[in-house]
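Right, one structure below, let's go through it.
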Amino acid sequence: MAKSGEHNAAAYVDWFRAAAPYIHAFRGKTFVLAFGGDAMLREDFVDLVYDINLLNALGVRLVLVHGVRPQVEERLAGEAQYVRGRRVTDAESLEHVKDAVGSVRVDIESLLSVGLPNTPMAGADIRVASGNYVTAQPAGVVDGVDLLFTGEVRKIAVAAIRDRLDGGEIVLLSPIGYSATGEVFNLTLEEVATHAAIDLGADKLIFILDHGDDAADKPISRLTASQAQRLLKELPDGDMKLYLPHAIQACKKGVAKVHLVNAEVDGALLLELFTHEGVGTMVTRQSVENLRPAGIDDVGGILSVIEPLEHDGVLVRRSRERLEQEIGQFFVDELDGLIVGCVALYPFPEAGAAEMACLAVAPEFRRGGRGDALLAAVEEAARAQGLARLFVLTTRTTHWFIERGFVAAGPDDLPAPRKAMYNWQRRSKVLVKSLGVA
Ligand SMILES: CC(C)(COP(=O)(O)OP(=O)(O)OC[C@H]1O[C@@H](n2cnc3c(N)ncnc32)[C@H](O)[C@@H]1OP(=O)(O)O)[C@@H](O)C(=O)NCCC(=O)NCCS
């Protein structure tokens, strides 16, 4: 018992430490978190509330969007009429929608108000802001049927929501909107959440799915918007199929990351947000990034990335002429037509080794994994040439390489022709990585 207790304690400590970078990264960021009315009927809904409380405590600016589908259906007497998947909301159903929204909202506010000492909410003192933040318009007549009080989002009161978030409050949006004519319209939670995320420029939009994708044994953990578009055609009906189009829309309109998380997995939200692998599906914008071998036209772009580093002495100076001669050894990372990173590979086939040099990413594009991607590209190219070791000479970036599997070596370990050129004044550190080929 004691042993397993120790094991748990060690796992807890490891996990907590590993969460630190995420805690730094999330502070002050805006997340829109959407969950259906079904989520609230689950016994473990309170755990989601605890996780919301935790994100709030970590300084995440939270906008919650709740649904009411089962709560409305429960109140409706007869069969609802649907047109292209949208329910027609007549005057009577609208009363049920208002009733359900009111009651669900109060329930959520009450759960977020808990502050009992024996719960994770102890000391929380959360303020929840809700109100007329969503303006709606009628969806109109579809296929000859008037959808009546079924509406569409017209506008999100971005400035007002930001004010509340600035004041440390959690904003709670319901799937209803108000019009300038004083009417109320029934909206879908996914539409409200998507619009809110886009208009607020949210850093993340998170959909809690009531059920995972039954067709897949394991959810696909990462998708670009265009991969998601292709996948959509193959998906069976279900939550994934319902939410994915909204995830794609949000990505295309500037939301950096959309997460689809299965409510059935215990702690899914935390695992998705605080671990690298996650447990749900993350959709990101299709990037127009291209890591490729360099051509002569890239010389100017490469110089603009490396020249400032040469001035600082981080990289050894290379003339334009030398760069032009060696351009065939370079790889570049091009983003929207701009060269944002580069790296060179100089093979020494007799020594079964290659030198990686001139690895650089323009400052404003750092910390996006581009250094890693460039390193992976040269490693692959070296492996393809049957080379077993990759060298790098660096003065200031030793740790970056060590963290990526390089180990300290010395000038004597360099291939002979390279050793002959070693600059003893510069005294660069020599690091080597085994590429695992014979
Ligand atoms: C090293 C470099 C290429 C990394 O590019 P990048 O696109 O930011 O790389 P990644 O996003 O893959 O990695 C970023 C991580 O490396 C870390 N890092 C950056 N420079 C570092 C250094 N000198 N020492 C240790 N770690 C460093 C960052 O802190 C970041 O860590 P985090 O994600 O834990 O916060 C970039 O910082 C650069 O151009 N540096 C100047 C040129 C240079 O030193 N080149 C190597 C000499 S050959």
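Values quoted throughout were computed directly from the atomic coordinates according to the rules given, and no laboratory measurement underlies them. All values reported here derive from a predicted model rather than from experimental measurement. In this analysis, Cβ positions are derived from the backbone assuming ideal geometry, glycine residues included, and neighbour counts consider all displayed protein chains.
Rounded to the nearest Å, what's the spacing between the alpha carbon centres of region 220-294 and region 90-120? Just the number, please. The two parts, judged by their Cα centres, are 29 Å apart. Helix 45-57 axis versus longest C-alpha principal axis of the chain: approximately 50°, rounded to the nearest ten.
Counting only Cα atoms, region 330-438 measures 41, 32, 23 Å along its principal axes, largest extent leading. Across the options His66, Ala228, Val255, the greatest Cα extent toward the positive end of the charge dipole of the chain (unit charges at beta carbon of Lys, Arg, Asp, Glu) belongs to Val255. Calculate, in whole percent, how much of the Cα-Cα pair population of region 2-284 lies beyond 36 Å. Beyond 36 Å sits 15 percent of the P(r) for region 2-284.
Inter-part distance, region 297-355 to region 359-425, computed on C-alpha centroids, equals 13 Å. Helix 239-252 and the longest principal axis of the Cα set of the chain meet at an angle near 60°.
GNM on the chain, alpha-carbon springs under 10 angstrom: the most fluctuating residue among Ile339, Ile52, Ile208 is Ile339.
The charge dipole of the chain, taken about its Cα centre with unit charges on the Cβ atoms of Lys, Arg (+1), Asp and Glu (-1) only, comes to about 1840 debye. Please give the helix 299-311 orientation as an angle from the longest Cα principal axis of the chain, in degrees from 0 to 90, rounded to the nearest 10. Approximately 80 degrees, to the nearest 10.
Here the sum of -39500 (n - 2.57) over DSSP H runs of 4 or more residues, divided by the residues of the chain, equals -11500 deg cm²/dmol at 222 nm, to the nearest 500.
Can you tell which of Met421, Met121, Met356 shows the greatest fluctuation in a Gaussian network model of the chain with Cα springs below 10 Å? Per the Cα network of the chain with a 10 Å cutoff, Met421 tops the list.
Since only Ala136, Val32, Leu111 are under comparison, the one whose Cα sits farthest along the positive direction of the charge dipole of the chain, derived from C-beta charges on Lys, Arg, Asp and Glu, is Val32. I want the local charge near Asp44. Using Cβ-Cβ distances under 11 Å, sum +1 for each Lys or Arg and -1 for each Asp or Glu among the other residues. That works out to -4. Distances between placed amide hydrogens fall under 5 Å for Asn262 paired with Leu209, all partners being 5 or more residues away or on another chain.
Quick one: net charge of Lys98's neighbours, Cβ under 14 Å, K/R +1, D/E -1? It works out to a net charge of -3.
Taking the charge dipole of the chain about its Cα centre, with +1 at Lys and Arg Cβ atoms and -1 at Asp and Glu Cβ atoms, the residue from Leu205, Ala388, Leu187 reaching farthest to the positive side is Ala388.
Taking 20 Å as the limit for the C-alpha separation, the pairs Lys204/Lys233; Lys155/Lys253; Lys155/Lys241; Lys204/Lys252; Lys98/Lys253 exceed it in the case of Lys204/Lys233; Lys155/Lys241; Lys98/Lys253. So if R0 is 60 Å, what FRET efficiency would Val158 and Ala408 give, r being the distance between their Cβ atoms, rounded to the nearest 0.05? Once the sixth-power term is evaluated, E becomes 0.70.
Straight-line cross-link reach from Lys29 at under 17 Å between alpha-carbon atoms covers these aspartates and glutamates, not counting any fewer than eight positions away in the same chain: Asp51, Asp163, Asp166, Glu169, Asp199, Asp203, Glu272. Working from label points 7 Å from Cα in the Cα-to-Cβ sense, the Asp90 to Ser179 distance is 1.8 nm. Here the calculated FRET efficiency for Asn118 and Val265, from their Cβ-Cβ distance with R0 = 22 Å, stands at 0.30, rounded to the nearest 0.05.
Counting Lys and Arg as +1 and Asp and Glu as -1 over every other residue whose Cβ lies under 10 Å from the Cβ of Tyr346, the net charge comes to -1. For the pair Gln385 and Ser434 in one chain, pulling the backbone fully straight at 0.36 nm per residue adds 16.2 nm over the alpha carbon distance.
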